[in-house]
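Take a look at the structure below.
The values are calculated or read from the model by the stated rules, or taken from the named source; none is laboratory data. The structure presented is a predicted model; accordingly, all values stated were derived computationally and were not measured. Note that we place each Cβ from the backbone using ideal geometry, even for glycine, and neighbour counts take in every protein chain shown.
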Amino acid sequence: MLSELEASGLIKSTFPNSRIEKPIFYRGLFVFQVFGDDPLEGDQDPFYSVDQKTGELRDFSILTDGDPKEIEAEFLKVQKSKRQ
């Protein structure tokens, strides 16, 4: 099983020049928001997941890979805990 720290390391090594937000844990996945400064990316979906069991990194769509309301609620919890 991959830890959050290991998943974060994988994301950071894949996107070294990006701003990476603290992940949520959702259905066996660590889901990250990754914001780059590449103008070609534009408004591209900033979500990526790392599978806790396999370590697979892939794009993540909050619309097709899960429940948008659940995912939003989890990210809001993380943001709230960062402010405290």
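From the list Arg58, Arg27, the one residue that fits, being at pLDDT 95 or above and within 11 Å of the chain's Cα centre (by Cα), is Arg58. Restricting the first member to the range 1-22 and to residues that are closer than 19 Å to Lys82 by Cβ, and the second to residues that are among the charged types (D, E, K, R), the beta-carbon pairs closer than 7 Å and six or more apart or on different chains are Ile20/Lys12; Lys22/Lys82. I need the full set of residues from the range 52-78 which are free of Cβ contacts under 8 Å to residues at least 12 places away in the same chain and part of a helix (DSSP H, G or I), in order please. Residues satisfying the conditions are Pro68, Lys69, Glu72, Ala73, Leu76. Scanning the range 24-37 for residues that are under 14 Å from Arg58 (Cβ atoms) and surrounded by 14 or more Cβ atoms within 10 Å (Cβ to Cβ) gives Tyr26, Leu29, Phe30, Val31, Phe32, Val34.
Within the range 10-36, being part of a strand (DSSP E or B), of a type outside the set (Val, Ile, Thr) and in contact with a helix residue (DSSP H, G or I) (Cβ under 7 Å, 6 or more places away or on another chain) holds for Tyr26, Phe30, Phe32.
Annotation: Ser49 fulfils all but one of (1) in a loop (DSSP other than H, G, I, E, B); (2) touching a Lys or Arg at 6+ places or on another chain (Cβ under 8 Å); (3) surrounded by 17 or more Cβ atoms within 10 Å (Cβ to Cβ); the unmet one is (1). Can you find even one residue in the range 37-47 that is touching a helix residue (DSSP H, G or I) at 6+ places or on another chain (Cβ under 6 Å), aliphatic (A, V, I, L, M), at pLDDT below 95 and over 19 Å from Ser3 (Cα atoms)? Scanning the range 37-47 turns up no residue that is touching a helix residue (DSSP H, G or I) at 6+ places or on another chain (Cβ under 6 Å), aliphatic (A, V, I, L, M), at pLDDT below 95 and over 19 Å from Ser3 (Cα atoms). Which members of the range 53-84 meet the condition of being under 19 Å from Phe35 (Cα atoms) and polar (S, T, N, Q)? Across the range 53-84, the qualifying residues are Ser61, Gln79.
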